[in-house]
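Presented below is the structure to which this report refers.
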């Protein structure tokens, strides 16, 4: 038997004797408590972990880890972010994706006939690519700096209109308008440039343009305030109440009405925060204001709701999102989800695709697990039951209540009660994916995004198209060339270029084919697709004529494609429709909070509606993770993130001290607008 002799305690504590003589005992105790608290606060298992990016494996029961802490349903930007943060906190997380081959949701990429296309991330704000901005710092924190971005040159966007004879006497009749980064001190330059192309020297227009731009800034800052109300205890909400009230006020107005107030009636911000007049029916009769309003509807494609229906909050936040410019991924957009979800394996978790969740298991009012089958096996596939302490639904609130929760659950009953919920699912889209023969530089393809607008009377164009999409062209159409944005493209796919065109599309047009299999929907479906494709091809050849004889292959995706590959409920590309219902306080429980009435069950619909884009979904995922972690876990998350954020700020400015970097990181974390 081995005996260990305890050394005399006196020699061990004698070095502390001078401290005890100098400092009173309560001070030593305070220092000890502070040191203990610091050690507790700084504990973050993911701090020094290195990530080896690996694609998700197809689901099979034997690949499911034991003793799971959390199951996350859906691997889009929100689900990938949520699962990453929870894994970094030390949890064992299972990420389930219904797509048969890959994770990523709207960030995934695919290849056909030797060409590659992105599906949903076509560009994002410059802030997402900068580790010295909160959004970019968060992405760096989750990917361990592996995700790189390239800033798009100005103009990042260009709007193109068809020839139009309705123009003011002596006014220019331009058909295109450029959008450049417009942060101070460049914002006045953007305003004057746009006014010069519509009504040169019109000082009233310049003044009201600035009101319009400042409204976007208010919306942006107010979203940050709203985010804090979803994190802070209720008794602290008074700190940001004024900003939140401003947001709810402006969100109750339509884009059309705000344009009328600002440009027709000359409203100031103060008057608009009091009330907003209703725009008269019919097209704008003033030819100058008609163009002004159409040009300022530039962000409409990013939230896909026509002006007389859209909430001004969507318009304002999208304008603000791109004020500093735009960026695109270095390499395929697919890499984002791969790099984020790979973190799970470092802590015993897993990311699995080909995994359709059939139902969330509720027992005694609590979410305790999910029922899963292989997507590729169809409805007849074997069901596997998987249990965990927490369940996170990172798909839409519509999928949740229509498909995943038991039909008799109280939350489902409330969701279908029109007195308790007025939000609707968003519209879908039509996608044209083109493979183009030749190098992008040789062909002179645009490095910026093109937005084709079918008319200056945008509401009218939407109305006609929705009634008859065969006769009428889409009201708006995005035209992008990922091959010119991604610097790795020429080495990955030499001699090949690509284009993506996206227009609005209603699920109702295709509902009669719902439930049919891909490539087995019949001749009528294919004829309808060809008619829609002709509109988009004509737009492409008109705006970029050099590709007309170069398109080797094209394929059209419809709202049913979104249902098949993204599992979008009724092809709702953006989840919740960005109309004036979305921020009604009645709908708070459905849209802007990660919490539910079901214990240990979270959904990340919290911030997707703040910004219907990859950035907004990312914030929603992080907010969902925070809800799982609780106040103490969230405090550790914030401290770990601020440490990483501060390092990035110091790398940008080596003269900055560590304390200065921490203070700046804390300030930017707490106050930087959501869309920057």
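The values are calculated or read from the model by the stated rules, or taken from the named source; none is laboratory data. Here the structure is a predicted model, which is why all the values come from computation and not from measurement. Counting neighbours? That spans all protein chains shown, and the Cβs are built from the backbone with ideal geometry, glycine included.
Structural remarks
- The set of residues from segment 193-210 being crowded, with 18+ Cβ neighbours inside 10 Å and assigned to a helix (DSSP H, G or I) comprises 194, 195, 205, 208, 209.
- 2 or more residues modelled with pLDDT of 90 or more and farther than 26 Å from residue 76 by Cβ: qualifying helices (runs of 4 or more DSSP H) within segment 580-676: 614-652, 658-671
- Residues of segment 103-116 that turn out to be over 19 Å from the mean Cα position of the chain (by Cα) and in contact (Cβ under 8 Å) with a residue 12 or more places away in the chain, as a count: 5
- Yes/no for residue 90 being on the phi > 0 side of the Ramachandran plot and surrounded by fewer than 24 Cβ atoms within 10 Å (Cβ to Cβ): yes
- Selection within segment 10-44: residues that are under 30 Å from residue 644 (Cβ atoms) and in a loop (DSSP other than H, G, I, E, B). The member of this set that is modelled with the lowest pLDDT is 42.
- Scanning segment 235-290 for residues that are out of contact with any helix residue (DSSP H, G or I) (no Cβ under 9 Å at 6 or more places or on another chain) and in a helix (DSSP H, G or I) yields 235, 238, 270, 287, 290.
- Any hit, segment 48-59, residues being free of Cβ contacts under 8 Å to residues at least 60 places away in the same chain, part of a loop (DSSP other than H, G, I, E, B) and not assigned by TED's automatic domain parsing to the domain that holds residue 97: yes
- When the strands (runs of 3 or more DSSP E) confined to segment 113-164 are screened for residues that are more than 21 Å from residue 334 (Cβ to Cβ) and modelled with pLDDT of 95 or more, those reaching at least 3 such residues are found at 157-160.
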